[in-house]
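Here is the structure we will look at.
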Amino acid sequence: MTKLRIGVVGAGTIAQVEHIPNLIALHDLYDLAGVADPSAITRDFVTATWGVRGFDTPEALLAEPLDAILIASPDPLHRSQVLAALAKGLHVFCEKPLCYSPSEIGEIIAARDAAGRVVQVGTMKRFDPAYRLALDSLPGTAQTLRMISVEVNDPDAWPYVAHRPLKRGDDIDRALVAQAVAAQRAQVSEALGSVPSDLAYRGFTGAYSSSMVHDVNAVHGILERLGVPDGEVVGATIFADGEGGHGTVSLLGGKALWTMTHLAVPGLADYRERITVTFDDAVLELVFPSPYLNHQPTRLTIRTSDGHTARETELRPGYGEAFVEELRGFHAAITAGAPVVNTPEHAARDMALLVAMARRFMAGKG
Ligand SMILES: NC(=O)c1ccc[n+]([C@@H]2O[C@H](COP(=O)([O-])OP(=O)(O)OC[C@H]3O[C@@H](n4cnc5c(N)ncnc54)[C@H](O)[C@@H]3O)[C@@H](O)[C@H]2O)c1
């Protein structure tokens, strides 16, 4: 097995809870060469906890001999860090959202093709074993599809990471933070085509691009499998001070509807995420646990009926972990030419929909 030398950029929550321990556990596939983070507190904690070398800048890490880089830094830094890694000839795994605007993602696609390297995005649900089985078990077709609904209540990470070793340093240079904030403002305005209100800004960067992007990506995978083309956004709302986001998409010329709602419920230590796909005569439902809980199976059920007799079947394809499987997938794409599961092209489709929803909200069309 070819071992890849990999570095991690951004050693915060998701890197410490998932990527660093998972890369170390996959030691037959990866050799973790170091992490780059501007916080000395964070770097020292990661070195003490995991024995991984710390670098104070991404540039210092990129100067090491590497095959690949995993980017888990704040969202507005993704574009420039992906391009810098590709310019060095590295394969890139980048957390979601890859970028806010499909045109920035277009730049990454061009750079990827020029470099001839793999770029994979961290929308890991496509690696969830229950999601994969759902794609192979869809109890209907584009002709019988009626509705898709997505509902998420999310307290964020705190109830689900308290039992893990985790430290986030607050010793980052203020100028670096201000730079990232300014970059985010500029990128969002560019993506949305105008300067958004504070509410629209919070909803687009938070509920939509940080959270709902996972469900949009997962549903796009289902629509792809059914052969259903992109629909039309017919409703969009941002609420709860930007911590709630809703969207409605008309599919198949109005024959079917896709609704989605994501709501942060910060004071409730409980996470619920459900995708329901309803056909003329059957329903498929996926209920996901908090993503930070590894190896907890996603519940996949299919409901059908025979005359008056209704039947519910639960399918459980084991206890594989999406965050681990996506790293196996990245390795296979680089070393064995396996198809990339989450491409920048997928990310562009996801972001185009989220941008369209934000624009609709900003246009006051609800
Ligand atoms: N796939 C998922 O389910 C999932 C879950 C959580 C977060 N994420 C994504 O992962 C990324 C990180 O999120 P997080 O929750 O770990 O955030 P975080 O704030 O906990 O961590 C970000 C880290 O990046 C560091 N950083 C800041 N500026 C930097 C720079 N210029 N270069 C390198 N590092 C820098 C910070 O010091 C911090 O340690 C985000 O893009 C987020 O959307 C994905």
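The values are calculated or read from the model by the stated rules, or taken from the named source; none is laboratory data. Please read these numbers as outputs of a predicted model, since none were measured by experiment. FYI the Cβ positions are ideal-geometry reconstructions off the backbone, even for glycines, and counts take in every protein chain you see.
If you go through the stretch 318-366 and keep only what is under 24 Å from PRO129 (Cα atoms) and of a type in the set (D, E, K, R), you end up with GLU321, GLU325, GLU326, ARG328, GLU345, ARG349, ASP350. Among all positions in the stretch 166-182, there is no residue which is of a type outside the set (Asp, Glu), away from the ligand (no atom under 16 Å from the Cβ) and either outside the structural domain of LEU77 (by TED's automatic domain parsing) or within 30 Å of VAL283 (Cβ to Cβ) (or both). Here LEU199 meets each of (1) among the hydrophobic types (A, V, I, L, M, F, W, C); (2) assigned to a loop (DSSP other than H, G, I, E, B); (3) closer than 29 Å to SER290 by Cβ with one exception, condition (2).
Let's see how each residue does on (1) within 15 Å of the chain's Cα centre (by Cα); (2) surrounded by fewer than 18 Cβ atoms within 10 Å (Cβ to Cβ); (3) at pLDDT 95 or above:
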position	(1), (2), (3)
THR276	no, yes, yes
LEU300	no, no, yes
THR309	no, yes, yes
GLU325	yes, no, yes
ALA332	no, yes, yes
PRO344	yes, no, yes
LEU353	yes, no, yes
ALA358	no, no, yes
LYS365	no, yes, no
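Just one of the listed residues (SER211, SER189) is closer than 22 Å to GLY267 by Cβ and either without any contact (Cβ under 8 Å) to a residue 60 or more places away in the chain or outside the structural domain of ARG132 (by TED's automatic domain parsing) (or both), namely SER211.
The test for being closer than 22 Å to PHE323 by Cα and in contact with a Leu (Cβ under 9 Å, 6 or more places away or on another chain) does not hold for VAL46. Pairs linking a residue in the stretch 305-331 that is within 13 Å of the ligand (Cβ to nearest atom) to a residue that is of a type in the set (Asp, Glu), with Cβ atoms under 6 Å and 6 or more positions apart or on different chains, are ALA322/ASP128; PHE323/GLU18.
Within the stretch 93-111, residues that are in contact (Cβ under 8 Å) with a residue 60 or more places away in the chain reach partners that are assigned to a strand (DSSP E or B) and more than 11 Å from the ligand (Cβ to nearest atom) with beta carbons closer than 6 Å, at six or more positions or on different chains, in the pairs PHE93/GLN120.
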